[in-house]
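One structure below.
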Amino acid sequence: MNKQPKLIDMLRMRDIFSPHLAQIQEKIFLNGELAMVHGDHSVFQLLISHKPPFVINDSRFGVIVQGEADININLQDRHITAGSLLYIGPGTILNPIRLSDDLQIFGIGLFDAFPMPFALGQMPSAFNGQVRDFQLPVGENDIKIALNILNTIWHTVHCVDYHRPTVTALVAALMNHYDHLFHKYSDMQAASRSREQTIFDRFIQLAGQHCAEQHQIGYYADRLCLTERYLNTIIRQTSGITAKEWIDRALITRIKIELRHTDKPATQIAEEMHFANPSFFSKYFRRLTGMTPLEYRQIDNCLRQNCQNYPTFNLPSSSYAALMSLLCCSYSKKGA
């Protein structure tokens, strides 16, 4: 039976943190409904040690009080700085790259079992699924409001037999606060953002959502009501690379997650990713990464087991660079 992808959900977080509870128990809270981090970043260092990228299936809200971080979120590199509010929603792919030593984060994650405070259809619009993540550079007063809500939740959940409706109401306040600031910031951005940047942002969102079944630019051009040529021109002018390269980045990331976190055979992954046949799938992966899917999986498994010797197979002459690229889950184009 195929394993499910190793999402960073409640069970996975508990497995990762359990051996280190003595060191971090004063800075984290974790039960079956929610998780909290209270002014610490060592928990994120523990997550990074478990080889990103990660997929999350819950909603997470953070306040960056001090320090900075570089994180690739849904294909886009983000530089997160102090004075920011961060939201990461279900289905987000995370690849943490660098965390500063002085990074200080307060935050909460809501698991599937958490009783969400809004009825169906009444969720604040920032969290209705149209936006998968956002980062808001906000003022000192807005940071204080978010921290006050989080601190109240933190103290409440540490009470014996804490009152769940109180926590639910506090989460509603936090979500409404984020939603208000999201729309305020979005309106400010819209006034200054070019049409080209708006198209690019929407294209990246679509590529992240549909790359597994839609590999060609035509689908995305149709969704954006543009010609393929015009869309490609805008994407190249905005980002420096073509629309097809962005689609390939998204697709390769999805494939690597399947290879790393499941034992599905390559034939099944090829079918699920809508390739014509396994041979084409293997050639595609090797062209864009320098290794076949089997080679990638063997190296990754070996590293997880702390092997002294890598599997023996013929690598291209640039094998070292290709290996480093794979391990960092970055993307390297190996030809047309």
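The values are calculated or read from the model by the stated rules, or taken from the named source; none is laboratory data. All values reported here derive from a predicted model rather than from experimental measurement. For neighbour counting, all protein chains shown are included, and Cβ atoms are generated from backbone atoms with ideal geometry for every residue, glycine included. Each accessible area value is taken on the protein alone, full model and side chains, heavy atoms only, with ligands, DNA and RNA left out. Shrake-Rupley method; radii C 1.70, N 1.55, O 1.52, S 1.80 Å.
For Ser49, the solvent-accessible surface with a 1.4 Å probe is about 80 Å², rounded to the nearest 10. Across the cross-link table entries Lys27/Lys256; Lys244/Lys283; Lys51/Lys184; Lys51/Lys144, which are compared at the Cα atoms, the separations over 24 Å belong to Lys27/Lys256; Lys51/Lys184; Lys51/Lys144. Counted residue by residue at 0.36 nm each, then reduced by the alpha carbon distance between them, the extension gain from Glu196 to Leu21 reaches 58.2 nm. Each residue of segment 113-129 in turn: what ³J(HN,Hα) in whole Hz from Karplus with 6.51, -1.76, 1.60 and θ = phi - 60°, glycine and Pro shown as x? For segment 113-129, the Karplus curve yields 7, 5, x, 4, x, 10, 6, 4, x, 10, 4, x, 4, 5, 10, 8, x Hz. Around the amide H of Asp58, modelled in the peptide plane, lie the amide H atoms of Gly91, all under 5 Å away and 5 or more residues distant in sequence or on another chain. Could you estimate the translational diffusion coefficient of segment 177-264 from the Stokes-Einstein equation, with Rh from the Kirkwood formula over C-alpha pairs, at 10 °C and 1.306 mPa s, in whole µm²/s? Using the Kirkwood radius from Cα pairs, D works out to 110 µm²/s.
Please list, ordered by chain and number, the residues whose modelled amide H lies under 5 Å from the amide H of Gly39; skip anything fewer than 5 residues away on the same chain. For Gly39, the qualifying residues are Ile105, Phe106, Gly107.
Note on Asn151 and Phe118: the model spin-label points, each 7 Å out from Cα along the C-beta direction, lie 2.7 nm apart. Each helix, a run of at least 4 DSSP H residues, gives -39500 (n - 2.57); summed and divided by the residues of the chain, these come to -15000 deg cm²/dmol at 222 nm.
Of the residues Val167, Val65, ranked by 1.4 Å probe accessible area with the largest first, the sequence reads Val65, Val167.
Rounded to the nearest Hz, the phi-derived 3J(HN,Hα) couplings of segment 11-25 under the Karplus curve 6.51 cos²θ - 1.76 cosθ + 1.60 (θ = phi - 60°) are 5, 5, 4, 5, 4, 6, 7, 3, x, 10, 4, 4, 8, 10, 5, where x marks glycine and proline. Rg ratio for the chain: its Cα radius of gyration over 2.2 N^0.38 Å, N being its residue count, equals 1.05. In whole angstrom, note down how far apart the Cα centers of segment 72-115 and segment 211-243 are. Answer, in whole Å: 27. Phi angles of segment 203-218 translate, via the Karplus equation with coefficients 6.51, -1.76, 1.60 and θ = phi - 60°, into HN-Hα couplings of 4, 4, 4, 5, 4, x, 7, 10, 4, 5, 10, 10, 9, 10, 5, x Hz per residue; Gly and Pro are given as x.
Angle between the Cα long axis of helix 228-239 and the longest principal axis of the chain, 0 to 90 degrees, nearest 10? In the chain, helix 228-239 runs at an angle near 60 degrees to the longest axis.
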